[in-house]
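Following: one structure in structure tokens, then a few remarks.
The values are calculated or read from the model by the stated rules, or taken from the named source; none is laboratory data. Computed from a predicted structure; not experimentally measured. In this analysis, Cβ positions are derived from the backbone assuming ideal geometry, glycine residues included, and neighbour counts consider all displayed protein chains. Side chains are part of the model used for accessible areas, which takes the heavy atoms of the whole protein and leaves out ligands, DNA and RNA. Shrake-Rupley method; radii C 1.70, N 1.55, O 1.52, S 1.80 Å.
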Amino acid sequence: MQQFIEKFQDHITGMLTGFDRLVFRGSLRRLNFGYWDGKLGAMVAQGMEEYLWQNKILFKDYAQHVKQVSEQLKDASWKPFRERGLPIVFLRSPSVDKEALARSIAAKNKISSGLVCGLSALEPSPTFEHRGTNIIRRERPCHVLYHYQIHPQVGWSYARLQTWFPFNIQIGINGREWLARQMDKIGLKYRQQDNCFVWIEDYQQAQQLLDQQLETNWTELLGSLAQQLNPIREQIFERYPTEYYLTCFQSEWATDVVFREAAYLKRLMSLLVPHGMLSFSSADVLRYFGRRVNQSGVIPARFNWKTQTDLKEYREGERVKYTLGGNSAKFYDKAYTEWGNVFRAAETTINNVDPFQEYRAKEGGPAEDLQWRPLRRGIAGLHRRAEISQKANERLLEALASVDDSRRVEELTRDIQKPTQWKSRRIRALHPWGADKDLLAAINHGEFLLNGFRNRDLQRFLYNTEADSPDERRRRSAAISRKLRLLRAHGLIQKVPRTHRYQIQSAARAILVAVLTTARTSVNQLNQLEKAA
């Protein structure tokens with residue numbers, strides 16, 4: 001990231017990095033557990049059955065009970081809106097832009113704080129039904145309520161409540177809207193357009209406020225919003241106590257760089273877009289984060305994750321987006337104004353935490369047993385999400401910083417083409433356009449941008465077939481280990497502490513781009529470049 005800032009510092013007024021959109025979901029875990037029944041061909045809702053038993057409600061009376069509780073819940077949830085005379089709007093189509101509608105109501109009624117409006121609609125939701133001698137899970141159209149408000153702490157936000165059992169909730173906030181409230185409290189001046197800032201009086205102070213969001217007591221904040229949404233939860237579950245378990249459904253971590261001149265940013269985008277589409281990986285550039293891609297570039301039939309590189313033109317400009325298994329990293333020009341021009345230089349969105357890990361103790365286990373374990377979906381994993389997203393943003397910015405690099409390829413690769421010393425051992429020179437080209441292409445694959453790579457990850461790119469014996473697997477592992485040592489000695493990669501993973505060094509990104517781009521450049525293209533020069 002520093003490389004990007006240093007390169008364009010004469011044209012930059014400031015930058016911000018932190019949360020953008022955050023979507024949380026809450027479920028009553030004690031109510032939702034169950035088991036699959038093959039005879040029924042459905043999931044038996046054992047938690048819901050126990051709730052009915054504890055409340056002495058017959059299964060045959062389930063539907064009647066649900067309707068009664070649902071009406072009570074709607075009245076309690078809408079009560080604050082009715083007391084303040086705020087609009088409650090029923091939407092006949094769930095596809096209506098609720099955000100735009102709520103903001104128009106806020107503008108019309110000149111609401112600057114507190115509750116704004118309530119919206120309701122019928123939307124498909126997971127719920128239960130009585131079948132035979134069981135209560136089973138099913139999905140059906142359900143009445144849902146939306147609370148829109150300008151919260152005193154986080155600013156513009158919404159909360160959604162499913163009015164039928166199991167009363168799932170969803171809460172959406174925005175880190176930039178939150179920052180605006182923080183700056184208002186201390187009197188820090190700024191100019192805002194939508195959910196980005198085109199000018200801030202003191203960017204360093206604003207960044208400190210944005211960093212403070214990570215120190216939030218999420219349980220307390222989200223718990224208060226959940227209580228406001230479902231104020232009779234304790235009454236409903238008096239005999240079967242249960243609380244909301246909150247997870248982060250989606251997180252966006254964005255790095256905004258503000259440029260002084262619109263013309264300069266537009267020119268820079270004209271260079272960054274083709275650079276981002278064509279220069280970041282080898283043959284499978286259109287599958288930037290592709291996993292299990294053969295050396296030939298063919299994706300195996302068993303590969304089921306959606307991966308792609310996507311270019312989109314929109315009103316403000318262009319956006320380049322890389323996706324892997326539901327997660328994405330992208331850059332685009334976000335705003336052009338007389339006060340400043342915002343380049344969203346990197347935005348990492350995490351919807352699926354399966355590819356990631358965190359160094360923590362096992363849930364319910366001894367606190368001292370720290371290991372790399374799967375990243376939690378719950379709010380306890382939010383800080384680690386921020387770390388992963390920040391690293392992804394930094395790597396993307398490092399790659400973008402290599403655009404239009406005035407240094408010659410010869411200068412970039414001079415040192416790696418010479419023997420070097422590492423741990424008192426002589427290490428041979430690299431041959432970037434010869435024997436080591438495939439190795440450099442392998443470590444530059446887009447799928448390694450977020451998590452780095454391991455020995456066995458490189459094997460599938462450097463060998464055409466699977467190892468047919470344990471001896472062959474050991475031989476290949478040893479060969480790759482020697483190649484990793486070679487790359488480390490030349491300063492191209494570094495080992496991630498306490499893991500078997502490696503990541504590309506910041507300074508090495510430009511070298512890889514230069515080598516791989518020149519390797520696939522034809523003589524005809526070089527002649528055209530020479531004529532253009």
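Across region 8-41, the number of residues qualifying as in a helix (DSSP H, G or I), charged (D, E, K, R) and either free of Cβ contacts under 8 Å to residues at least 24 places away in the same chain or surrounded by 18 or more Cβ atoms within 10 Å (Cβ to Cβ) (or both) comes to 1. Across region 89-141, the qualifying residues are those that are small (Gly, Ala, Ser) and part of a strand (DSSP E or B), and the one among them that is surrounded by the most Cβ atoms within 10 Å (Cβ to Cβ) is Gly118. I'm checking my understanding of the structure. Among residues of region 328-343 that are surrounded by fewer than 19 Cβ atoms within 10 Å (Cβ to Cβ) and not aromatic (Phe, Trp, Tyr), which one is nearest to the chain's Cα centre (by Cα)? Ranking the candidates gives Thr337 first. Consider region 226-250 and keep the residues that are in contact with a helix residue (DSSP H, G or I) (Cβ under 9 Å, 6 or more places away or on another chain) and in a strand (DSSP E or B). The one that is surrounded by the fewest Cβ atoms within 10 Å (Cβ to Cβ) is Tyr245. Could we say that Tyr332 is in contact with a strand residue (DSSP E or B) (Cβ under 7 Å, 6 or more places away or on another chain), closer than 29 Å to Ala399 by Cβ, modelled with pLDDT of 90 or more and of a type in the set (Phe, Trp, Tyr) here? For Tyr332, the condition - in contact with a strand residue (DSSP E or B) (Cβ under 7 Å, 6 or more places away or on another chain), closer than 29 Å to Ala399 by Cβ, modelled with pLDDT of 90 or more and of a type in the set (Phe, Trp, Tyr) - is met. Only one of the listed residues (Arg291, Arg315, Arg267) is at pLDDT below 65, open to solvent by 50 Å² or more (accessible area, probe 1.4 Å) and not hydrophobic (A, V, I, L, M, F, W, C). That residue is Arg291. Within region 401-421, one or more residues are out of contact with any helix residue (DSSP H, G or I) (no Cβ under 8 Å at 6 or more places or on another chain), in a helix (DSSP H, G or I) and within 21 Å of Arg485 (Cα to Cα).
What residue, of Thr309, Thr349, is modelled with pLDDT under 80, crowded, with 16+ Cβ neighbours inside 10 Å and in a strand (DSSP E or B)? Let's see the steps before the verdict.
Working: Thr349 fails: modelled with pLDDT under 80.
From the options Thr309, Thr349, the qualifying one is Thr309.
When you check Ser125 against the structure, is it in contact with a Gly (Cβ under 7 Å, 6 or more places away or on another chain) and touching a residue at least 40 places away in the same chain (Cβ under 8 Å), yes or no?
Values: in contact with a Gly (Cβ under 7 Å, 6 or more places away or on another chain): no; touching a residue at least 40 places away in the same chain (Cβ under 8 Å): yes.
Considered against the rule, which asks whether it is in contact with a Gly (Cβ under 7 Å, 6 or more places away or on another chain) and touching a residue at least 40 places away in the same chain (Cβ under 8 Å), Ser125 comes out as no.
Yes or no: Tyr203 of a type in the set (Phe, Trp, Tyr) and either closer than 24 Å to Phe259 by Cβ or in contact with a Pro (Cβ under 8 Å, 6 or more places away or on another chain) (or both)? Criteria met by Tyr203.
Taking region 352-394 as the range and being open to solvent by less than 20 Å² (accessible area, probe 1.4 Å) and of a type in the set (Lys, Arg) as the test, only Arg385 passes.
When the criteria are applied in full, Gly452 fails the requirement of being at pLDDT below 85, open to solvent by less than 20 Å² (accessible area, probe 1.4 Å) and of a type outside the set (A, V, I, L, M).
Condition check ((1) without any contact (Cβ under 8 Å) to a residue 40 or more places away in the chain; (2) open to solvent by 30 Å² or more (accessible area, probe 1.4 Å); (3) assigned to a strand (DSSP E or B); (4) within 28 Å of Ser328 (Cβ to Cβ)) across all residues:
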residue	(1), (2), (3), (4)
Arg181	yes, yes, no, yes
Phe197	no, no, yes, yes
Leu210	no, no, no, yes
Glu220	yes, yes, no, no
Ser224	yes, yes, no, no
